[in-house]
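K.L.:
Below: one structure in structure tokens.
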Amino acid sequence: MRTPEEELETIRQAGLWRQLRQIEAIDGPRLTIEGRPYLNFSSNDYLGLAHHPALASAAKDALDRFGTGSAASRLICGSLAPHHELEECITSLKGTEAALTFATGYATAVGTLTSLAGKNDVLILDKLCHASLVDGARLSGATLRVYPHNNLEKLEHLLQQSSDKLSPHGRIIVVTESVFSMDGDLAPLEDIIALKERFGALLLLDEAHALGVLGPRGLGLAEELELQGRIDLQMGTLGKAAGTSGGYLAANRAVIDLLINKARSFIYSTAPVPAQAAAAKAALQLIASPEGNTLRQQLRDRLQEFSTHTNCPLPRSAIVPIPCGDNDSALAASESLRSAGILVPAIRFPTVPRGQARLRVTLSAAHDAQDIATLCSALAQLPDQA
Ligand SMILES: *Cc1c(COP(=O)(O)O)cnc(C)c1O
């Protein structure tokens, strides 16, 4: 029998060792780890809302009124007012009939895909879809097809093939992100919608990294392109730009009722703490407000400065990948930034394909112009990237 130590040694030798580091203090993009200060470029808190007083005050109020825990699954006795108010807020912002929230985005992806797809159905995923979508798809038992990243020709081919073979009651669901989590690029959403409509398929769009960042009210790429009304399943997380935690699925009433009745990650899990739901609602209201717009403008200013300093094209999202090639180069680059007091994570296999290890820089409205200058001068001092 192999020992855990042997397995760990294999992981270490492959340059894939991961470990946790305790953060002792946090002040916006400034962290203290093991007594040392760092400037953080690894957070998904794109608007700096995780420390916004409006969210904290909503959370405190819910804490006082509803206590620290939800006591049970939503279906047993944990369906407290803050959860319903959050869902009403999502419904009205997304313009759908209904919405359901989960404890995390991961639980949302797994719960949604396993509820809506099964043995006689087909799920067609972009190759770069997040692990939560892949896990949900696998667990569903549906036939799983994957198209190369953003490749519409191949998507069309898979849709054609799947619809030719589909059983009479079968469903086809196309699954994509709007902003891809490790590349920061965008899906060709309008073309994907045209294709799924042509073949009578459904579309699940995960806006995890677009919420708060894209669209006139920060609701995502679908809002930016005025396509919200043509997307069957609008998914996202409240743990990134919304500065809290949780996940949501916005859709028509029947889909949401189906999830309430079938999604095991919803049914068999204690409801999130009410303070989380209250803070998330405050975050969404803020994102859609003029203040949200100001924060988005600040983020765009930082991205523009980054692009000017580094001579890179203006990023389309807050995520900027810097290719390094192999795991060791990515790790070395990340370590050398760390010793300069800058936190940028090395992203390695299996999060990205082998040979495509990278630094993943994320910018936030909480950074100032000097922070970006500091980052860019440290990047310029790295040995040449692959
Ligand atoms: C982060 C992420 C998730 C998971 O959301 P959590 O709330 O962190 O569980 C799902 N999809 C994508 C694309 C993500 O980046």
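The values are calculated or read from the model by the stated rules, or taken from the named source; none is laboratory data. Bear in mind that the values here come from a model prediction, so they are computed numbers and not experimental data. Here Cβ is always computed from backbone atoms with ideal geometry, including for glycine, and neighbour counts include all displayed protein chains. Ligands, DNA and RNA are excluded from the accessible area calculation, which covers all protein heavy atoms including side chains. Shrake-Rupley method; radii C 1.70, N 1.55, O 1.52, S 1.80 Å.
K.L.:
Report in % the part of the accessible area of segment 55-287 that belongs to carbon and sulfur, leaving out ligands and nucleic acids; probe 1.4 Å.
P.N.:
Whole-percent figure for carbon plus sulfur exposure: 51.
K.L.:
Taking only DSSP H segments of four or more residues, each worth -39500 (n - 2.57), what value at 222 nm results for the chain once the sum is divided by all its residues, to the nearest 500 deg cm²/dmol?
P.N.:
Value at 222 nm, helices only, nearest 500: -13000 deg cm²/dmol.
K.L.:
Determine, at each q value in 0.13, 0.16, 0.19, 0.27 (inverse angstroms), the log₁₀ of I(q)/I(0) that the Debye formula gives when each Cα of segment 162-245 is one equal point scatterer.
P.N.:
Log10 of I(q)/I(0), two decimals: -0.43, -0.61, -0.80, -1.34.
K.L.:
Which of Gly35, Gly141, Gly239 moves the most in a Gaussian network model of the chain with Cα springs under 10 Å?
P.N.:
Gly35
K.L.:
For the chain, build the charge dipole from Cβ charges (+1 Lys, Arg; -1 Asp, Glu) around the Cα centre, then report which of Gln381, Leu195, Phe66 sits farthest towards its positive end.
P.N.:
Going by the Cα projections, it comes out as Phe66.
K.L.:
Residue farthest toward the positive end of the dipole of segment 116-267, with Cβ of Lys/Arg at +1 and Asp/Glu at -1: which of Val213, Val179, Val122?
P.N.:
It is Val122.
K.L.:
Here is a follow-up. Order the following by accessible area, largest value first: His309, His130, His83. Probe radius 1.4 Å; ligands, DNA and RNA are ignored. If you can, show how the numbers build up before the last one.
P.N.:
Numbers: His309 105, His130 70, His83 0 Å².
Result of the area sort, largest leading: His309, His130, His83.
K.L.:
What's the Cα-based Rg to Rh of segment 59-187, Rh via Kirkwood?
P.N.:
1.06
K.L.:
Could you provide, to the nearest whole Å², the per residue accessible area of the chain with probe 1.4 Å? Intermediate results must be reported in sequence, preceding the final value.
P.N.:
Values: 17610 Å² over 386 residues.
Here the residues of the chain average 46 Å² of exposed surface.
K.L.:
Let me ask something else. Over all alpha-carbon pairs in the chain, figure out the percentage whose distance exceeds 38 Å. Let's see the in-between values first.
P.N.:
On the way: 14982 of 74305 pairs.
Summing the P(r) tail past 38 Å for the chain gives 20 percent.
K.L.:
Another question, if that's okay. Can you give the local net charge around Ala283? Use residues other than it whose beta-carbon is closer than 12 angstrom to its beta-carbon, Lys and Arg +1, Asp and Glu -1.
P.N.:
0
K.L.:
Still on this structure: In whole Å, how far is the Cα centre of segment 124-149 from that of segment 42-86?
P.N.:
30
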